[in-house]
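Read the figures in this text as sums done on the coordinates, not as results from a lab. Nothing here was measured: the structure is a model prediction, and the numbers come from that model. Quick reminder, even Gly has a Cβ in these numbers, built from the backbone with ideal geometry, and neighbours come from all protein chains shown.
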Amino acid sequence: MVLVVTLLLAGAILLLAETVLPGMIAGVLGVLCLIGGVTVGYQEFGAATGNWILLGTLAGLAVGFVLWVKYFPGSRIGRLYASEGVVGDIGTERPELVGQTGVAHTALRPAGVALIGGQRVDVVTEGAMIERGGPVQVVAVEGLRVVVRQA
């Protein structure tokens, strides 16, 4: 009985340690300890008690997982691993360009480069080709796309 309890407790502790340790080694060892504890329980105490040990282990895993999901992210340790930054925002939208005028730095067929406000900006036309040196006006900014038309 001591071996079964020791294996189950070691498995639970190793699974908890896996949340903060890299590499999945503690998690794999924890699962192996749990499987070993249930297996030894079947061998020492028979099928009926082995089934209860298995059900208790599965219930403990389920309850532990629910508690971990509920409380770990808000805990002091959990906050160390959570990123507070914004994901996916690269800050490239430039709505201040709408309405500004400039000059086509390259031929826009339909994409190219324009000088707008003294800066080189990758642009795309609404469809018509604009020759190099032609005047352009920004009509829209759609994410990374700056749309221009001939002024």
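Summary of values
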{"quantity": "Helices (runs of 4 or more DSSP H) lying entirely in segment 1-97 (those with 3 or more residues that are in contact (Cβ under 8 Å) with a residue 40 or more places away in the chain and of a type outside the set (Phe, Trp, Tyr))", "calculated": "2-18, 25-71"}
{"quantity": "Test for LEU32: is it surrounded by 13 or more Cβ atoms within 10 Å (Cβ to Cβ), in contact with a Gly (Cβ under 9 Å, 6 or more places away or on another chain) and farther than 30 Å from ARG132 by Cα", "calculated": "yes"}
